[in-house]
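Single-structure report; data block below.
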Amino acid sequence: METAGITSIVALALYVLRFLLIYLGVMLPAVWSRHQARRDAATSLLNEVIDLIRRHRGP
């Protein structure tokens, strides 16, 4: 019983970590960069990540 609780906490922590990495690595540069080329590259990568998540989750 206790193992299931620990497993769910670890799974939640991994989802939070994944979100933070995507947010810090892609979202912030897409919005805050002063350079248009960096914003364009970050936006393109963000679109690819969103498409990948949608394909993984299904329709």
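The values are calculated or read from the model by the stated rules, or taken from the named source; none is laboratory data. These numbers come from a predicted model, not from an experiment. As a convention, Cβ positions derive from the backbone with ideal geometry for all residues, glycine included, and neighbour counts pool all protein chains shown. Side chains included, ligands, DNA and RNA excluded: accessible areas come from the protein's heavy atoms. Shrake-Rupley method; radii C 1.70, N 1.55, O 1.52, S 1.80 Å.
Details
- Residues within the range 5-14 that are among the aliphatic types (A, V, I, L, M) and either touching a helix residue (DSSP H, G or I) at 6+ places or on another chain (Cβ under 7 Å) or open to solvent by less than 70 Å² (accessible area, probe 1.4 Å) (or both), tallied: 2
- Within the range 15-29, none of the residues are touching a Pro at 6+ places or on another chain (Cβ under 9 Å), open to solvent by 80 Å² or more (accessible area, probe 1.4 Å) and either of a type outside the set (Val, Ile, Thr) or outside any helix (DSSP H, G or I) (or both).
- Here Ile6 does not fit the description of being within 10 Å of the chain's Cα centre (by Cα) and either in a helix (DSSP H, G or I) or modelled with pLDDT of 85 or more (or both).
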